[in-house]
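Reviewing the structure listed below.
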Amino acid sequence: GRWWPAAYAPADLVRPAVAMTASGEAALLNSTTAAAAEAMFAAAARDGVSMVLASGYRSYATQVATYNSYVAARGQADADTASARPGYSEHQTGWAFDIADGNGACGFQPCFADQPAAVWAKANGHRFGFVVRYPWMFHPITGYYYEPWHLRYIGVEAATDMASKGIFTLEEYFGVEAAPGYL
């Protein structure tokens, strides 16, 4: 579902001081998420793990182009499992971003789950307020196939509570319906 208007853009977009391959608008996050990302990337680095920001904010217009390219390549039904329809992407809120590991290994592919950056983020992200938004085998609930690279900021308290309770999806944690169809 969506709780923000289609044309929504965060008022406080900033470029976090982290390693990144993203450029332009994709290098931006909202200020809260940016600060948490800076702390998390620094902690990963202290543990010897390279983590880079691969894609942050995505405007409505950019999501139109992204989604349409998926539809052209795969058809709409398959596109809807891999790319948000315009106006429905968490990237548009500034609260979500994609990570990579700096050397391009398995970027945006399921095998990224086994890369050090993904392993570290899954194990430690909650300490900085992040969850892996679309976990393995939960696509009937989240609506998306596994994206070990897509992190969503929900705050340290909620993320830590989810981790301690062994709850893997925001839908279950916040008691909202499983992934909607587009009505």
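The values are calculated or read from the model by the stated rules, or taken from the named source; none is laboratory data. The structure presented is a predicted model; accordingly, all values stated were derived computationally and were not measured. Note: accessible area is taken over every heavy atom of the protein model, side chains too, but ligands, DNA and RNA are not part of it. Shrake-Rupley method; radii C 1.70, N 1.55, O 1.52, S 1.80 Å.
The helix-only estimate of mean residue ellipticity at 222 nm for the chain, built from DSSP H runs of length n ≥ 4 each weighted as -39500 (n - 2.57), is -10500 deg cm²/dmol after division by the residue total.
Accessible area per residue for region 13-174 in Å², computed with a 1.4 Å probe and the full protein assembly in place, what is it?
On a per-residue basis, region 13-174 sits at 44 Å².
Say we join alpha carbon atoms closer than 10 Å with springs in a Gaussian network model of the chain; which of Ile141, Ile99, Ile167 then has the biggest fluctuation? Comparing Ile141, Ile99, Ile167 in the GNM, the peak value goes to Ile167.
Within region 13-174, what percent of beta bridges assigned by DSSP are antiparallel, to the nearest 5? Roughly 90 percent of the DSSP beta bridges within region 13-174 come out antiparallel. Across the chain, the relative contact order, built from alpha-carbon pairs under 8 Å that are at least six residues apart, equals 19 percent.
Ignoring ligands, DNA and RNA, what percent of the 1.4 Å accessible area of the chain is carbon and sulfur?
Accessible surface attributable to carbon and sulfur in the chain totals 57 percent.
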